[in-house]
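A short write-up of the structure that comes next.
The values are calculated or read from the model by the stated rules, or taken from the named source; none is laboratory data. Since we're looking at a predicted model, the values are computed, not measured. Backbone-built Cβ (ideal geometry, glycine too); neighbour counts: all protein chains shown.
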Amino acid sequence: GAVVSQHPSWVICKSGTSVKIECRSLDFQATTMFWYRQFPKQSLMLMATSNEGSKATYEQGVEKDKFLINHASLTLSTLTVTSAHPEDSSFYICRGETSGAYSYEQYFGPGTRLTVT
Amino acid sequence: AQTVTQSQPEMSVQEAETVTLSCTYDTSESDYYLFWYKQPPSRQMILVIRQEAYKQQNATENRFSVNFQKAAKSFSLKISDSQLGDAAMYFCVINTNAGKSTFGDGTTLTVKP
């Protein structure tokens, strides 16, 4: 099956700094990338949807200036958490989809654990 | 808006026994896909089984099978001959042609040796 990688898998940063998370589709073209955050023992919460070459669409309550999403190519999407604070500590997961696949195939990245101290 | 309800936050099963995880959903779409995902402690989402809504036949994958009742909007997962490696959080997910997935709150499955 198709593979999505995420880097880094775990990152610790100091409060006030920014951190970038990369999500790469290794063997397919991800025309759409979804970004989720997940708190311990909870479900995945959709943060934003990005289409290659377009601005991301953010879910209600998600600060677009804080969580910057770039989807400049069909194989790479990035999530930058700007001026991170301890409450941003969470598990972030990306999911890629190929246009025309009608959401039958879902490709999740392995996730990134962010800890803000 | 579509919703997915998993009414069992936690379930436990004895090794080698059978367990059923429940899921109900609501959607106005007539065409959609349903999934069960497993999330072990590594937190990688692993596809367990999927079902196309237009197919009446229930999907099966080795020890995993579903009971798909479209009219009742029910999509339960049966795990037979449970193994220690089945211990994980299980999510029921619906996907429509709009591309957005809606996740249930998850069921944490414990397998007792």
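One table, with the values for the structure above:
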quantity	calculated
Set B:Phe68, B:Phe64, B:Phe75, B:Phe103: member being aromatic (Phe, Trp, Tyr), within 14 Å of another protein chain (Cβ to nearest Cβ) and in contact (Cβ under 8 Å) with a residue 24 or more places away in the chain	B:Phe103
Failed item, numbered, when A:Gln38 is tested on (1) surrounded by fewer than 16 Cβ atoms within 10 Å (Cβ to Cβ); (2) within 27 Å of B:Gly106 (Cα to Cα)	(1)
Where A:Ser43 falls short, out of the listed (1) more than 11 Å from chain B (Cβ to nearest Cβ); (2) small (Gly, Ala, Ser); (3) touching a Gly at 6+ places or on another chain (Cβ under 7 Å)	(1)
Any chance B:Gln14 is loosely packed, with under 15 Cβ neighbours inside 10 Å and either within 14 Å of chain A (Cβ to nearest Cβ) or in contact (Cβ under 8 Å) with a residue 40 or more places away in the chain (or both)	yes
Residue match in the range A:86-100 (condition: away from chain B (no Cβ under 14 Å) and buried (at least 21 other Cβ atoms within 10 Å of the Cβ))	no
Options B:Ser28, B:Ser7; residue that is loosely packed, with under 12 Cβ neighbours inside 10 Å, in a loop (DSSP other than H, G, I, E, B) and modelled with pLDDT of 95 or more	B:Ser7
Members of the range A:21-40 found to be outside any loop (DSSP other than H, G, I, E, B), among the polar types (S, T, N, Q) and more than 13 Å from chain B (Cβ to nearest Cβ), listed by number	A:Ser25
Any hit, the range A:74-81, residues being surrounded by 17 or more Cβ atoms within 10 Å (Cβ to Cβ), away from chain B (no Cβ under 14 Å), at pLDDT below 90 and over 20 Å from B:Gln44 (Cα atoms)	yes
Hits in the range A:83-111 - residues which are of a type in the set (Ser, Thr, Tyr), at pLDDT below 95 and either over 21 Å from B:Phe103 (Cβ atoms) or outside any strand (DSSP E or B) (or both)	A:Thr98, A:Ser99, A:Tyr102, A:Ser103, A:Tyr104
Any hit, the range A:29-43, residues being hydroxyl-bearing (Ser, Thr, Tyr), touching an Asp or Glu at 6+ places or on another chain (Cβ under 9 Å), free of Cβ contacts under 8 Å to residues at least 24 places away in the same chain and closer than 26 Å to B:Tyr37 by Cα	yes
Qualifying positions in the range B:68-111 - touching a Cys at 6+ places or on another chain (Cβ under 7 Å) and within 21 Å of A:Arg95 (Cα to Cα)	B:Cys92, B:Gly104
Any chance B:Asn58 is surrounded by 15 or more Cβ atoms within 10 Å (Cβ to Cβ) and without any contact (Cβ under 8 Å) to a residue 12 or more places away in the chain	yes
Cβ-Cβ under 8 Å pairs, at least 6 apart or on other chains, the range B:41-52 side more than 7 Å from every other protein chain (Cβ to nearest Cβ), far side exposed (fewer than 15 other Cβ atoms within 10 Å of the Cβ)	B:Ile46/B:Pro40; B:Val48/B:Glu61; B:Ile49/B:Thr60; B:Ile49/B:Glu61; B:Arg50/A:Tyr104; B:Glu52/A:Tyr104
Qualifying residue in the range A:50-71 (condition: outside any strand (DSSP E or B), over 18 Å from A:Pro8 (Cα atoms) and at the interface with chain B (Cβ under 10 Å from one of its Cβ atoms))	yes
